[in-house]
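Read-outs throughout are calculated quantities, based only on the coordinates presented, and are distinct from any laboratory measurement. This structure is a prediction, so every number in the text was calculated from the model and none was measured. Here Cβ is always computed from backbone atoms with ideal geometry, including for glycine, and neighbour counts include all displayed protein chains.
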Amino acid sequence: MTATNQAPASGRTRQYGPVALVLLVAALMLATTANAELMIRVTKGTGEAVPVAVVPFAESGDLPAGDDISTIVRNNLEMTGEFTPLSAERMLSLPSSGDDVFFRDWRMLGQRYLLVGNVTREGDRVRARYELFDVNSEQRMLGETSTTSVNNLRTLAHHISDKVYEALTGEPGVFSTRLAYVTLDEHEGSPRYRLQISDVDGRRASVRLESREPIMSPAWSPDGKQLAYVSFESGRPEIFVHELATGKRTVVASYPGLNSAPDWSPDGRSLLVTLSRSGNAEIYRLDLDSRSLTRLTDHWGIDTEGEWHPDGDGLAFTSDRSGGPQIYIKDSERASPRRVTFGSRYNARPRFSPDGEYIYYVHQRDSGFHIARTELDSGDEQVLTRTGSDESPSIAPNGRMLIYATRQGNDNVLTVISTNGGAAYTLPAANGDVRDPAWSPVLR
Amino acid sequence: MNTMMKQSAFALVLSLGLVAGCSTTGDEPMTDEEMSAVDQDGGASVYGGDGDGGISSDELRDEQRRDQAEQGASGDDAAMRRITTFYFDFDTAQIKAESRDVLAAHARYLANNPDVDVRLEGHTDERGTKEYNLALGERRANAVQRFLVVNGADRGQIETVSYGEEKPAAMGSNESAWAQNRRVELIFR
Amino acid sequence: MLLSLVLHGVIVVITLMSWQWITPLEEPPEPSISARLVSPEAVPPEETTAPPPQPEPDEPAPVEEEQREQQEEEQRRLEQEQERQRREEAEREEQERLEQQRREQQAAAEERERQAREEEAARERAEAEAEERARRQAEEERKAREEAERKAEEERQRQEQQRREEEERRRQEEERQRQEEERRRQEEAERQRQERARQQREQQLEQMAREAEEARLAEQRRREQAAAARARETEMQNERARYVSLIGQAIENQWYPPSSAREGMSVVLRLTLLPNGELQSVDVVESSGNRAFDNSAVSAARAIREYPVPDSRDTFERYFRQFTIQFEPEI
């Protein structure tokens, strides 16, 4: 392009010197803008959590103590491992609306995003108004006014957290989802098992079932309205389906031997269960309407802990058919299951990531048990936890977080980590030991 | 090629033997010969236990028969039957050598008292995963059940249940606690 | 010269006329005289070849005496005239040599006159009586005089001739010299022409050499400039690479890819910077379709207060005034 423009221009130089010069300059400018523009390629970021400032919301009216919205939001963001919220003590100012914001202050503090807001009590309701800003662009990314009943402030705080998270990450937040887990404590000399449900931050826990016998393996239905679990209340393991809204419970599997490890199919119409009615632990599909069974594994070894692939085609499960527990995937493509873990002699309890690209599991290494994941395409394995007695991984519905049970001192606790191996967050201790966490789907 | 065929043939024989070992846990009682076949063919491989378990088991069977004869003569089974908990190594369902005399005494007792039922509760230590441990506990209970049946108990007298790691006998995260928790308990009614 | 000749001529004519005028009786001169005038050869007195008997000089006749006196007077007057002429000549002419010659000729003429008079006297003595003889003698004398005149005239003419010859010689010499001079001049001109031609050629050669040198210098300058341009280009490329790396690093340090970022996602921003590295504008030119991802890139670009940019303005203008950044995570 430059050449074709220059040739006639130089030919006319004597007569049209200035014109030719202009043409030449224009050609060069065109060349720089159209052809030669520099492209810098950036393929990785800081690898660190995003600095974000959540300013304490201004409050007016009598609000319940301990349910400060901004604190809940800050904790939620921190729990993800993707954000490092600025502590309120370090803030130079405490704006409660966009009009009061001096972006320079927040830039000086190295903050990338800023959330400001205020809460007002209006009778039995509260109204929260909040705004999210990009500190560098000085642009508002989000602005909303929400109201809720005065005893539902936490729900509002989680809702705001979800909105903020989605605006910042492009993925739905999971702060309004719930956790199911089992606690065990001694009560008047006898054990007390409790099936509980709480917010993702462990707050607002409620007991849904209490038993002197073990309760195990809670599993959420895809719509989040039912739980399946194993209860030993009859003295032997049986699988129940529990309707949360009504408390109505149904035994769906009570075969001789094992009735364990329920997992809902993506369509919610069947469960994967482990039964040993044949004398050996095998995985079956249990149709919830007809209660009919379809055997999915057939091996003299232990086959258990089945989980449906997120798209419903095939399952992952644990089998010790190779001599020790390893993870296998059975799908419609292959007649026989393929083993997907090889990193150590003990890999069990598989859980797919929501996109089906990873499988998470309990992995023994150096006599400790950790949570690890393997990328199914590459087979690359990554150990995610440093704690040593880790069990029962359960993946958040957005795939970004994972909750698992581990030991902290003599206590069994639940810990949330980022699925990329980021910051860990231990849920506030409930009474006694906590085990068997299950992360709910997004609730609607 | 030749090697592969040999290997395949060996694998076939092995798996047949193992499947036979598993499938015989059905209603028909397992014979002594079958039990010994399971141990010889698959003991180490199937349950992943120590390799010397199989070897010592032959010696023990001789001892066992001798003891059985002596015990039958002395009528000292009652003392042995006070032991109702039997321990296992990590991630195995292999009955330990020292458990066999006692289990045999229990079997004779059951055989002699058809109206007595026993419940076998299989347990594991806390390590590993809950559901897998539940299956492992069941396998331990089943192993004991088979032993009892082989040694004269009626299958109808025996109920098995696995609690996996849910009901540890000893608290703590150490080898001593774990060893006490990898167990099958016999509960007579 | 011409004037002198004319004057001589005039004098002679006057002399002759006056002489004829005072001797009206004299017969007209024989035509032979003029014929003899042709021969410029001097002197031999032809009369002597058949000399009449010499009259005795001791008996001068009164007529003769008178004639002689008359003659003498005539002679004196002539001499005086001649003398005057000579003087005039001497006055008018400054050439000593000719004067001398004339004087010598005069002397010779006097001698010859004297001899002629002696002969006349002899003859008069011999032919004392005869008028005829006297007349003849007078005639002879007249003839002699005429002869002398003629000889003098001849001599004069001879001298004149000589002079003319001399003149001619001189003229020729002058001509020769002139020609020589002309030749020399022409030679000089030729030489000068050749010299000029040579100089011109030299100048041409010098000019050519100068032009060649200039061309060489120009080529050298051109090469040096081209080399300098190439060197500058290389330098700019190096600077470009360096600052691309620095900017890339700065962006990496400010970029927090959101959790929704996936391999294969790409957003392209166009940045416009000020020469001090300050960000003037940033635009999304190619969206990833994921707003959070796009925002994270824009935020990273805006987070850099001062971009690392090269000091050299041309590099800045060429590459860093405006450029694009592609954010394409490798996860």
Original post:
Can you give the three extents of the C-alpha atoms in segment A:222-270 along their principal axes, from longest to shortest, in whole Å?
Top reply: 29, 22, 11
Original post:
Please state the Cα pair-distance histogram of segment B:83-182 with 5 angstrom bins from zero: what percent is in each bin?
Top reply: 3, 15, 24, 24, 16, 11, 6, 2, 0
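Only sites in a loop by DSSP and with at most 12 other Cβ atoms within 10 Å count here; which GluC sites (Glu not before Pro) in segment A:134-203 make the cut? Numbers along the way, then the final one.
On the way: sites: A:E138, A:E144, A:E166, A:E186, A:E188; in loops: A:E138, A:E188.
Answer by residue number: A:E188.
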Original post:
Out of segment C:263-299, which GluC sites (Glu not before Pro) are coil in DSSP terms and have no more than 10 other C-beta atoms within 10 Å?
Top reply: C:E263
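By count of other Cβ within 10 Å, fewest leading, how are A:D303, A:D289, B:D154 ordered? Could the numbers behind the result be given before it?
Values: A:D303 29, A:D289 7, B:D154 15.
Placing the least packed residue first, the sequence is A:D289, B:D154, A:D303.
Sequence gap at least 6, Cα distance under 8 Å: using those rules, report the relative contact order of segment A:178-439 to the nearest whole percent.
Working: 720 pairs, mean separation 33.1, N = 262.
The normalised contact order for segment A:178-439 reaches 13 percent.
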**OP:** Give the distance, in whole Å, between the Cα centre of segment A:368-444 and the Cα centre of segment B:82-152.
**Re:** 33 Å
**OP:** Please give the calculated 222 nm ellipticity per residue for chain A, where each DSSP H segment of at least 4 residues contributes -39500 (n - 2.57) and the sum is spread over every residue; nearest 500 deg cm²/dmol?
**Re:** -4000 deg cm²/dmol
